[in-house]
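The values are calculated or read from the model by the stated rules, or taken from the named source; none is laboratory data. Since we're looking at a predicted model, the values are computed, not measured. Cβ coordinates were reconstructed from backbone atoms using ideal geometry, including for glycine residues, and neighbour counts include every protein chain displayed. The area values use the complete protein model at the heavy-atom level, side chains included, leaving out ligands, DNA and RNA. Shrake-Rupley method; radii C 1.70, N 1.55, O 1.52, S 1.80 Å.
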Amino acid sequence: MVNTGVTFQIRISDYEGILWYEKLFDRKPDFIPHEDFVEWEITRDAWLQVAVGEPITGNGPLRLGVEDINSERKRLMNVLNLQIEEVKSREGVPAAWCTFEDPYGNRIGLYQDL
């Protein structure tokens, strides 16, 4: 198999949750194929699909790579009005990370290559 891209789907219980994801990504969806379903291209050929449906609590985490994890963590805590755990790292692991949840229980995180 030759992979040409990837999609990940997160379910939310109401359309208002899409506004939460607009704040997360700091932009509107890249594609709205139909009602109650939107997509963001989070990196080339990697798409996050946000669909209205039955959320699966504890799903994930879907981790998003960022250039400066501390400033992005601070931005998200401010615009989304939530607490995000302290940034973690481990000796021998060339990354730092932190995890939080959307209002529907989907686990999301940030990571930064070190």
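Here are some notes:
- Residue list for the range 11-20, restricted to those being part of a loop (DSSP other than H, G, I, E, B), touching a residue at least 24 places away in the same chain (Cβ under 8 Å) and under 13 Å from Asp102 (Cα atoms): Ser13, Asp14
- Of all residues in the range 21-74, those satisfying the criterion of being outside any helix (DSSP H, G or I), open to solvent by less than 90 Å² (accessible area, probe 1.4 Å) and without any contact (Cβ under 8 Å) to a residue 24 or more places away in the chain are Arg27, Pro29, Asp30, Pro33, Asp36, Phe37, Val38, Trp40, Glu41, Ile42, Thr43.
- Residues (of a type in the set (S, T, N, Q) and free of Cβ contacts under 8 Å to residues at least 40 places away in the same chain) located in the range 95-114: Thr99
- Residues within the range 75-114 that are open to solvent by less than 80 Å² (accessible area, probe 1.4 Å) and among the acidic types (Asp, Glu), tallied: 2
- Boolean, Phe8 is among the aromatic types (Phe, Trp, Tyr), open to solvent by 80 Å² or more (accessible area, probe 1.4 Å) and over 20 Å from Pro103 (Cβ atoms): no
- Qualifying residue in the range 79-87 (condition: outside any strand (DSSP E or B), within 15 Å of Asp26 (Cβ to Cβ) and within 12 Å of the chain's Cα centre (by Cα)): no
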